[in-house]
Every structure is written in C-alpha cells, then in structure tokens.
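Laboratory data are not the source of any read-out in this text; all were calculated from the coordinates shown. Remember, predicted model here, so these are calculated numbers, not experimental data. Here the Cβ is made from the backbone with ideal geometry for all residues, glycine too, and neighbour counts use every protein chain on show.
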Amino acid sequence: MKNLLILAATEEEPSGLDLILPAVDELVWGAICFAVVAFFMMKIAVPKLRETIAAREQSIQDAKESAEGERAEAKKMLDDYKQQLGEARAEANRIIEESRQAAEQVRKDILAKSEKDAEAIVARAQEQIQAERQRTLQELQGSIADLSIELAGKVVGRSVDAESQREMVDAYIREVSGMGSNGGSNN
Amino acid sequence: MNLALELDVNHLFFWDPILFKDTPFALNRVSLLMIVGSLACITFFWLASRKKSMVPKGMQTIGETAYLFIRDRIAIDVIGPEGVRYAAYLTALFFFIFFMNLMEIVPGINFPVTSRMAIPVFLAILTYLLFNFIGFAKQGFHYLIGTLFPPGVPKGIYLLLTPIEFFSVFIIRPLTLSVRLLANMMAGHVLLTIFFLFTHEFLVTDFKITTLPLGIVTAIVATGLIVFELLVISIQAYIFTMLTAFYIAEAIHGHGDESHDDTDHAPVHEVEGLEATTTAA
C-alpha cells in the first residue's frame, strides 16, 4: 500500500529519545532568553503597569474622597442656609410682632389722646355755653327790669323813680331766680 | 493513484546549527525562534507599558488586563494576598511560554519552540527550585515533614503515602510539568504538519480531480486545527503558570494546612486533568 502516509524516523544521528531530551545549546539559549524576558518583565514592564494601575486607583480614590468631601461641604452649607433661613424667619416674625405691638401702642395712644381732646373740646364747649347762658341771662335780666318799670309806670300812671324801681325789680328777679332755681329743683 | 508521502519526524524537530557550531551557544532555528519569541514578548509589554495614560487604550489595555488577570485570577486567587509578590514572575512565565507556543501558528514560522524540551525543562526546574526554596524559607524543616507526612492521616498509611508524596512532589513534579507542555506542543505541531502536508499533496503536488475533495477536507480541518491549537497554546501557558502558583501556595501554606481548606488544593488535580483532555484531543 504505497498510497499511505509513512511516518519514519531516520536512523541517523538523532534518536527517538532525543525528542524528549533537551539539547544543551537550546537549553543555554532558552535560559538566556527567559532570563532576559523575566528581567524585563519583573524590573521594567510590570512595575510600570503596576505604577499606572496604582496611580489610576489612587486618582479614582482621590476623586471619590474629594467628591465625598464636597458632598459633606455642600450638606454643611445647606444646613447653614437652612439654619440662617430659620433664624431670618424668626427675626422677621419678631420684627412683625414688635411692629404690631408698636402699632397697637400708637393706636391706643392716639385713641387716648383723641378721647382727651374730645373731652377737652366738650368741656370748653360747655364752658362757652355756660358763659353764653350767663351773658344771655344777664341781658335778659336787664331787659325784664326795664320792661317791668315801663309797665309799672304805665299801670300806676306816674313815673316811678327809675333808680329805686330798678333796685326793687332786680331784687325781685333775684328772688324769683332764686326761687326758680329752688322751685325747679322742688318741682 | 500512486500517492506516497514520506515524513521524517526528525525534520520537524531537529535543526542544524547556523552559527557557533560545536559550542554550547550553537544557534539553530530553535534558538533563533527563542530569540524572536522573546523579542516579541518584550516588544508587546514595552508597547503596553510605554504610555501611562489614566484612560488606557489599545496595547496598554491589553497589557494591563493581562497583568491583572495573572495577578488577580492566578497569583491572589491561588496563593492568597501574598501572591502579589509573585505576580510579576508569573506574568513573565505565562507570556514567555505563550509567545514560545504561539510560534506554532505564526505563518512562515509554524514551529512551537516549546515542542523542544529545552524551555519546558528549564522552566520546570526553575519552578521546582522556586517552590522548594520558598517552602524551606517559609516553613523551614517543617516544610519537608509537612509534605512527606501530611497531617490528618492514620499512621499506617504513611508507609504508603510518604513514598508517594516524595516521588510526586520532589521527583515527578518537574517531569510532569515539562513533559505536559512538550507533549502538547509536539502533538499539535505534528498534527498541523500532517494536515497541511496532506492538503499540499492533494491540492498541489499530486493534484488530480479525485484528490480535490480530500484536499478541501484536509484544508478545512487544518484551518480548524489552527484555531484549536490557539486554544491549546493559551491553555498550556495557563496550566504551567497555574501549577507553578499552586506549588508556591503549597510551599507557603503547607501541605495540609488547616487554615487553608481543600479548595486550595483540589484545583491542582483539576488543572492536571485539563492536560489529559487537551492531549487526548
């Protein structure tokens, strides 16, 4: 059967055992190559990668911490603002209350003053009325005396001594007025 | 039909020196690709770590994500908070293996450097030295006692368990670690080579109308295998790094430390189990 694949190891120098035994020259080159690669990896490449990764982790950590710090600061500011707002509200309420009290006081003062003024005006008016009344009374008294004398003269038919009559009439009026005031109170 | 395809496996894995012949520094295609892979890895991380912008873009995003994945998902998850100390080494380990594996599917190269034993065994020995050093540094002589005589086991069982623990931790570990990586990459390389050779044979070298459907099928399978191999490349780098982290964790916290529940140790077997599935596939 020639149409078959023939796997044949030549019977020359290398034997089957040589396939699984390391050749010295290859061992030497393999050791050199691995030493170079291991040195490069362990001393240059991996430390660099490690550095980059550590720097990235650090920057993420820093960003996280700074974000947390800023968040705490923002919260503190918010609390401060809330506190200030509360204080401002309390202050405003206090001012409003004070204003209200002041207004109330002013109202009371104005009211009291108005009442006082009104009383004063009334008193003054009464005084004026009283004075007017007095004056009218006196005028009336004079007129009545004159009229009485004139009337009496006409009745008697002779002139009555004006002076003495006047005194008499006046005395009578005083009496009458005295009686009037007494009588008024009695009636 | 007289199709004959002869594949010399040695042509896939053995390369004559180009420079410094007959010296320990003999430079062949494998060594040259190691240098290329290392330069690619360094360039990638140089570009990724060059800019230190706060908002990462492009390469920086990929580099940072890759480092953070190794640091958080492997170093810290497996070792604990002190795992951060080992994150740089584990990152170097993961990406060195990844770039070396990646050669398998880079057009024009198509050769995984890790399908040669040099790098797997060197890295496995390094892991072995590292976890044992950490174990003795952290726990002193108790590390050896704790590893060979895990607490909470009936005394009679030690007759069986202690030799098994000794072999599995101090002898087998570097071997499984290196062979797992080597075998996976070797298998992948052979698989890809076979399918591409078939495709080339059916569609170019020995093209006939009857070989056309076969050629198309093998081409499709080969392309699918590239995607699958990309998965294997990543998983193998992950498993190697993960197991190194588990071994370090065990060395720091002790074998059956009460302070660490079984979840710390159970995944070791889960990760080792992944190897079986990828190899079987």
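Restricting attention to segment B:187-227, which residues are of a type in the set (S, T, N, Q) and free of Cβ contacts under 8 Å to residues at least 60 places away in the same chain? Working first, answer last.
Just the residues of segment B:187-227 that are of a type in the set (S, T, N, Q), to begin with: B:193, B:199, B:205, B:210-211, B:218, B:223.
Scanning segment B:187-227 gives B:THR199, B:THR205, B:THR218, B:THR223.
B:LYS155 passes all but one of (1) surrounded by fewer than 22 Cβ atoms within 10 Å (Cβ to Cβ); (2) within 17 Å of the chain's Cα centre (by Cα); which number fails?
In the conditions (1) surrounded by fewer than 22 Cβ atoms within 10 Å (Cβ to Cβ); (2) within 17 Å of the chain's Cα centre (by Cα), B:LYS155 misses (2) alone.
Answer yes or no: is there a residue in segment B:162-175 that is basic (Lys, Arg) and in contact (Cβ under 8 Å) with a residue 24 or more places away in the chain.
Yes, because at least one residue in segment B:162-175 is basic (Lys, Arg) and in contact (Cβ under 8 Å) with a residue 24 or more places away in the chain.
List pairs: first in segment B:111-128 and within 21 Å of B:LEU230 (Cβ to Cβ), second surrounded by 24 or more Cβ atoms within 10 Å (Cβ to Cβ) and hydroxyl-bearing (Ser, Thr, Tyr), Cβ under 8 Å, 6+ apart or cross-chain?
Matching pairs, first to second residue: B:PRO120/B:THR114; B:PRO120/B:SER178; B:LEU123/B:SER178.
Given the conditions (1) touching a residue at least 24 places away in the same chain (Cβ under 8 Å); (2) surrounded by 22 or more Cβ atoms within 10 Å (Cβ to Cβ), report the number of the one that B:ALA88 does not fulfil.
(1)
When you go through B:SER31, B:SER53, B:SER49 one by one, which is the residue that is under 20 Å from the mean Cα position of the chain (by Cα) and polar (S, T, N, Q)?
B:SER31
Could you tell me whether any residue of segment B:8-15 is more than 19 Å from the chain's Cα centre (by Cα), within 30 Å of B:ILE194 (Cα to Cα), touching a residue at least 60 places away in the same chain (Cβ under 8 Å) and facing chain A (nearest Cβ under 7 Å)? Steps first, answer last, please.
Taking segment B:8-15 as the starting set, the residues that turn out to be more than 19 Å from the chain's Cα centre (by Cα) are B:8-12, B:14-15.
Next cut, within 30 Å of B:ILE194 (Cα to Cα) only: B:8-12, B:14-15.
So of that shortlist, the ones also touching a residue at least 60 places away in the same chain (Cβ under 8 Å) come out as B:9, B:12.
Within this subset, residues satisfying the condition of being facing chain A (nearest Cβ under 7 Å) are B:9.
Yes, that holds for at least one residue.
Per-residue answers, yes or no, for (1) of a type in the set (Gly, Ala, Ser); (2) within 11 Å of chain A (Cβ to nearest Cβ):
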position: B:MET100; (1), (2): no, yes
position: B:GLY108; (1), (2): yes, no
position: B:THR114; (1), (2): no, yes
position: B:VAL121; (1), (2): no, yes
position: B:LEU126; (1), (2): no, yes
position: B:LEU129; (1), (2): no, no
position: B:GLY140; (1), (2): yes, no
position: B:TYR143; (1), (2): no, no
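Might you check whether a residue that is within 18 Å of the chain's Cα centre (by Cα), of a type outside the set (S, T, N, Q) and surrounded by 15 or more Cβ atoms within 10 Å (Cβ to Cβ) occurs anywhere in segment B:61-69? Steps first, please.
So the first thing to find is which residues in segment B:61-69 are within 18 Å of the chain's Cα centre (by Cα), and the list is B:66-67, B:69.
Pick out the ones that are also of a type outside the set (S, T, N, Q) and you get B:66-67, B:69.
Cutting the leftovers down to surrounded by 15 or more Cβ atoms within 10 Å (Cβ to Cβ) gives us B:66-67.
Scanning segment B:61-69 turns up at least one residue that is within 18 Å of the chain's Cα centre (by Cα), of a type outside the set (S, T, N, Q) and surrounded by 15 or more Cβ atoms within 10 Å (Cβ to Cβ).
Among the numbered conditions (1) closer than 30 Å to B:ILE252 by Cα; (2) acidic (Asp, Glu); (3) more than 10 Å from chain A (Cβ to nearest Cβ); (4) touching a residue at least 12 places away in the same chain (Cβ under 8 Å), tell me where B:GLU64 comes up short.
(3)
In segment B:97-136, how many are part of a helix (DSSP H, G or I), polar (S, T, N, Q) and surrounded by fewer than 20 Cβ atoms within 10 Å (Cβ to Cβ)? Spell out how you get there, then give the answer.
Our first condition is that a residue be part of a helix (DSSP H, G or I); within segment B:97-136, this holds for B:97-105, B:113-115, B:118-136.
Then keep just the ones that are polar (S, T, N, Q); that gives B:101, B:114-115, B:127, B:132.
Now drop any that are not surrounded by fewer than 20 Cβ atoms within 10 Å (Cβ to Cβ), which leaves B:132.
Residues that pass the stated criteria total 1.
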